[in-house]
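Colleague: Handing you this structure, nothing more for now.
The values are calculated or read from the model by the stated rules, or taken from the named source; none is laboratory data. Keep in mind that what you see is a predicted model, and the values were worked out from it rather than measured. Glycine also receives a Cβ, built like all others from the backbone with ideal geometry; neighbour counts cover every protein chain displayed. For accessibility, only protein heavy atoms count, side chains too; no ligands or nucleic acids. Shrake-Rupley method; radii C 1.70, N 1.55, O 1.52, S 1.80 Å.
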Amino acid sequence: MANDLGSRSLTLVILEGSFLLVLNIFSLIGNVLVCLSVYRNPRLRISTNLYIIALAISDLLSAVFVMPLAEIILFSGKWPFGETICQFHAFISLFVIYVSPATMSLTAINRYVRICRSTTSYKKIFSRRKSRFWLAFVWFFVACYIGIPRLANWQGFEFVPGYAQCSIKHHGERAKLIHYLIVLTLFLVIPLFATAFCYTKVLKMIRQHKMGIVPSLSQMRRNEARITVQEIKLSRSLFIVVFTFMSCWVPLWIIVILRRFFIIHMPRNVELLCMFFLYISNTINPVIYSGMNSAFRSEFRRIITCKSSGLVNVQCSQRGNEQQGLELGLVTSWLRDTRGEQLHHELGDAPQAPASLRDGDCQQTQNSNYLNIPTR
């Protein structure tokens, strides 16, 4: 297999490496935009977007630590790094492969509880603190599942030329069978069925809402917080994310299973396609967020065009200072046209400008409103 990787034509080397490089760039930019959008915009800091951030971070791990090394392998035709980096590369790659479906299932359950259950149940299960706990628990469990068997020498990591990356090495057929039974159950079957069940219920509820069978999702929760149109749009966009996610990951796992259990020698291009499915999944999520969610789309546009809330505040402050300068100029002109002593006395007793105007708040305030000086 190593000879297959090293004996490729120059055209194939450039094609494979360049395609992965383009995916890497778009994945890096897109997922950074997702994280920046939630950081900059308080409206996006809801519990559901916490799971979107988690997915973006897992995709960033792949874009920063996995994909660049794979690009070097595809261009050079070999693993040019040492054993230590191979161990790290394999750990991060497996972590991304396992943690992403688990995070997806948490996202689907979050949407199901939010749309189909009471707000009380949602706040009890998915408060901000508990949402963080669920994520931390899942990520810690995945890290332990990968790290403990490796530290205990129950399995190892090695360079797999067909995948163009380091991956897992099994010490026997029994260990391999046990490993894949656990992995397929925890990180494919359960997330797949949980996601399918949750989004089936969510889409059914949304469809009933649109047809008028359920007059209003908010009416089902009297004296409770309403489900907004933004919540419904978010559920739809997340459904598209999950659908495309599974479209990439199910073929990936089919190729892995065939390679590990049924086919002794699989074509290198098919094995590489397995990893390209993973990289495409890492890249496409931000495109879906921007295309389906207006809040993310607007924030992406503001970031790309270098428009920030801080800049807007500075501009407002400048306009406020200009307004103050204009008004003080009018007062000074009036002072020159009237008696000095009396006017200075009135000006000394006059109240100061409101705090909102002194702080740069963009409000058009009349001179007489805060100086109490009669106009001519």
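Colleague: Under a plain spin-label model, where a point goes 7 Å from the Cα along Cα-to-Cβ, how far apart in nm are Val64 and Thr244?
Modeller: 2.3
Colleague: While we're here: Please list, ordered by chain and number, the residues whose modelled amide H lies under 5 Å from the amide H of Val160; skip anything fewer than 5 residues away on the same chain.
Modeller: So Val160 has HN proximity to Gln165, Cys166, Ser167.
Colleague: To continue, here is another question. Over the Cα atoms of the stretch 45-152, each weighted equally, I'd like the Debye log10 I(q)/I(0) at q = 0.23, 0.24 Å⁻¹, rounded to two decimals.
Modeller: -1.20, -1.26
Colleague: Checking the a/c ratio against 1.5 first, then a/b against b/c, what shape does the Cα gyration tensor give for the stretch 127-171?
Modeller: Numbers: a/c = 6.02, a/b = 2.15, b/c = 2.80.
Because a/c hits 1.5 or more and a/b fails to exceed b/c, the stretch 127-171 counts as oblate.
Colleague: Another question, then. With unit charges on the beta carbon (Lys/Arg positive, Asp/Glu negative), name the residue among Val113, Leu69, Gly147 whose Cα is farthest towards the positive pole of the charge dipole of the stretch 49-149.
Modeller: Val113
Colleague: For the ranges 300-306, 184-190, what's the packing order if you count other beta-carbon atoms within 10 Å of each residue, average per peptide, and put the highest first? It would help to have the intermediate numbers written out before the result.
Modeller: Working: 300-306: 12.7, 184-190: 15.7.
Packing proxy ranking, top to bottom: 184-190, 300-306.
Colleague: Which of the peptides 8-16, 58-66, 123-131, 269-277 is most tightly packed, and how do the rest follow, going by the mean number of other Cβ atoms within 10 Å of each residue?
Modeller: Details: 8-16: 12.7, 58-66: 21.9, 123-131: 14.4, 269-277: 17.9.
Packing proxy ranking, top to bottom: 58-66, 269-277, 123-131, 8-16.
Colleague: Next question, about the same structure. Counting only protein heavy atoms, what percent of the accessible surface of the stretch 68-175 is carbon or sulfur at a 1.4 Å probe?
Modeller: 65
Colleague: Taking 7 Å along the Cα-to-C-beta vector as the label spot, tell me the Thr185-Ser118 distance in nanometres, rounded to one decimal.
Modeller: Inter-label distance under the simple model: 3.5 nm.
Colleague: Sticking with this structure for a sec: Sort 108-121, 148-161 by packing, meaning the average of other beta carbons within 10 Å per residue, with the highest value first.
Modeller: With the highest mean Cβ count within 10 Å placed first, the list reads 108-121, 148-161.
Colleague: I need the per residue convex hull volume for the stretch 3-72, using only the alpha carbons, in cubic angstrom as a whole number.
Modeller: Taking only Cα atoms, the stretch 3-72 has a hull volume of 78 Å³ per residue.
Colleague: Normalising by the residue count of the stretch 1-153, find the relative contact order in percent from Cα pairs under 8 Å and 6+ residues apart.
Modeller: In percent, rounded to a whole number, it is 28.
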